[in-house]
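Asks: Handing you a structure now.
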Amino acid sequence: MVLPSLRSDRLLTALPHSHSAGISYLSLAILLGIPTLILDDASGGAVARAVNLFHPTTVLAFPLTLAEIPTEEIGAEAARHIHTWHGMGDASHERHIRPLVALGRRTENGKVLNGSRYLDGLGSSEMGMVLFKQAYTPETTRYARHIGLPAKVVRKAAVLDEQGRELPDGQAGRLGVRTPSITAGYLDEPDLTEESTVDGYFLTGDIMRRGGDGTWYHLDRTPDVIHTVDGPVYSLPAEEVVLLATQALDTAVVAVDDPGSPGHSRPLAVVLFADGTRRDAARLLGTCNAALAREGLAPLGGLLLAADRSELPVGVTGKVLKRVLRERLRTVLSRTGDPALAVSTPVRKV
């Protein structure tokens, strides 16, 4: 299920041409003889136009590109050819997957079914390939940052504490992986190479937990964990809830200074909508915190409406630059008079 290989298949790829993933997937498509259209514009609008023109069966891109596809602009004739969407890098959010799998048709066990599948892959350049894979369809009910099982190339994956000891199921910790695909190290940075390895595991920089049934959940990147006075808050499950509660185009939950507790942080959601409609930040904050409470997650300290993509910046692979947001918005909860910002009163544990 990595790439289609039928004579009728057609691949549309919006991966960056110079990225290792773009090179490897394109090379494989050529070897398999799959008609392939390569885009030099990774925007969602460009992908929608290409789908209408090329009628691909599989669309391959990083998650942000897939998230920004205006599905309403894809014609019915073009949509019916699609059986697979393939995202990789960071795992994708439910809000971004569901509109895509509603399109197209797929075959399962010899039966043609309405709706396509979304192959969600978690990987990194250091790991050499996608190491966790999960397939979603219109019938999927289980999301919540569920990323499935390790790929066959993974010899062992474990959730580790700060000392490199394996943690039991249900506890969050650092993801350690043993696989022959892992990089030998970082060029001219031996200290970083040493820091990234413990007891034969390569530390991917991800925070994970494993369920009792052996399935895995992606909670955060290590530098993005929000250290509050009440303990760690993981940004990715919070983003999943915020996106579903607001139906926004994109969001990032990041750590900002807690004015009431120096040295600690509170989570702030920066929310971007696709249209220019004016919205009430305070009302959205209340909606999000109510939804987070229902999921047993920590509340947001604030919500900031992004005017455009520049206020929710991304890198070349489409990942939100949370480091930039943390630096830019560090003292935002002390800001007053900004109609795009809503701040909640913290409720401390007793």
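Asks: Considering (1) surrounded by 15 or more Cβ atoms within 10 Å (Cβ to Cβ); (2) closer than 23 Å to SER20 by Cα; (3) in contact with a Phe, Trp or Tyr (Cβ under 7 Å, 6 or more places away or on another chain); (4) of a type outside the set (Lys, Arg), say which one GLY185 fails and leave the rest.
Replies: Unmet for GLY185, out of (1) surrounded by 15 or more Cβ atoms within 10 Å (Cβ to Cβ); (2) closer than 23 Å to SER20 by Cα; (3) in contact with a Phe, Trp or Tyr (Cβ under 7 Å, 6 or more places away or on another chain); (4) of a type outside the set (Lys, Arg): (3).
Asks: In the stretch 61-85, how many residues are of a type in the set (Asp, Glu) and touching a helix residue (DSSP H, G or I) at 6+ places or on another chain (Cβ under 7 Å)?
Replies: 2
Asks: Next question. Checking SER310 against (1) polar (S, T, N, Q); (2) in contact (Cβ under 8 Å) with a residue 60 or more places away in the chain; (3) open to solvent by 70 Å² or more (accessible area, probe 1.4 Å), which single condition isn't satisfied?
Replies: (2) is the only condition that SER310 fails.
Asks: I'd like the residue in the stretch 36-67 that is touching a strand residue (DSSP E or B) at 6+ places or on another chain (Cβ under 7 Å) and open to solvent by 40 Å² or more (accessible area, probe 1.4 Å) and, out of all such residues, is farthest from PRO313 (Cα to Cα).
Replies: Per the stated criteria, the residue is THR36.
Asks: Looking for whichever is in a loop (DSSP other than H, G, I, E, B), open to solvent by less than 30 Å² (accessible area, probe 1.4 Å) and out of contact with any helix residue (DSSP H, G or I) (no Cβ under 8 Å at 6 or more places or on another chain) here; the options are GLY164, GLY176, GLY170. Which one fits?
Replies: Of the residues listed, the single one that is in a loop (DSSP other than H, G, I, E, B), open to solvent by less than 30 Å² (accessible area, probe 1.4 Å) and out of contact with any helix residue (DSSP H, G or I) (no Cβ under 8 Å at 6 or more places or on another chain) is GLY164.
Asks: Could you please find all residues in the stretch 282-307 being open to solvent by 70 Å² or more (accessible area, probe 1.4 Å), free of Cβ contacts under 8 Å to residues at least 12 places away in the same chain and in a loop (DSSP other than H, G, I, E, B)?
Replies: Answer for the stretch 282-307, where residues must be open to solvent by 70 Å² or more (accessible area, probe 1.4 Å), free of Cβ contacts under 8 Å to residues at least 12 places away in the same chain and in a loop (DSSP other than H, G, I, E, B): there is none.
Asks: Answer with yes or no whether TYR217 is assigned to a strand (DSSP E or B), surrounded by 14 or more Cβ atoms within 10 Å (Cβ to Cβ) and not polar (S, T, N, Q).
Replies: Spelling it out, TYR217 is indeed assigned to a strand (DSSP E or B), surrounded by 14 or more Cβ atoms within 10 Å (Cβ to Cβ) and not polar (S, T, N, Q).
Asks: On the basis of being in contact (Cβ under 8 Å) with a residue 12 or more places away in the chain, in a loop (DSSP other than H, G, I, E, B) and open to solvent by 50 Å² or more (accessible area, probe 1.4 Å), does ARG279 make the cut?
Replies: So ARG279 passes the test.
Asks: Residues that are closer than 17 Å to ARG117 by Cβ: find the strands (runs of 3 or more DSSP E) completely inside the stretch 1-102 holding 2 or more of those.
Replies: Fully inside the stretch 1-102 and qualifying: 11-13, 58-61, 84-87.
Asks: Okay, next question. Among residues belonging to the stretch 259-271 that are open to solvent by less than 60 Å² (accessible area, probe 1.4 Å) and in contact with a helix residue (DSSP H, G or I) (Cβ under 7 Å, 6 or more places away or on another chain), point out the one that is farthest from THR331 (Cα to Cα).
Replies: Among them, the one singled out is VAL271.
Asks: All but one of (1) open to solvent by 30 Å² or more (accessible area, probe 1.4 Å); (2) in contact (Cβ under 8 Å) with a residue 12 or more places away in the chain; (3) charged (D, E, K, R) hold for ARG142; state the number of the condition that does not hold.
Replies: (2)
Asks: Among PRO232, PRO223, which is in a strand (DSSP E or B), out of contact with any Lys or Arg (no Cβ under 6 Å at 6 or more places or on another chain) and either open to solvent by 60 Å² or more (accessible area, probe 1.4 Å) or acidic (Asp, Glu) (or both)?
Replies: When all the criteria are applied, what remains is PRO232.
The values are calculated or read from the model by the stated rules, or taken from the named source; none is laboratory data. Remember, it's a predicted structure, so these values are computed and weren't measured experimentally. Quick reminder, even Gly has a Cβ in these numbers, built from the backbone with ideal geometry, and neighbours come from all protein chains shown. Surface areas here come from the heavy atoms of the whole protein model, side chains and all, with no ligands, DNA or RNA. Shrake-Rupley method; radii C 1.70, N 1.55, O 1.52, S 1.80 Å.
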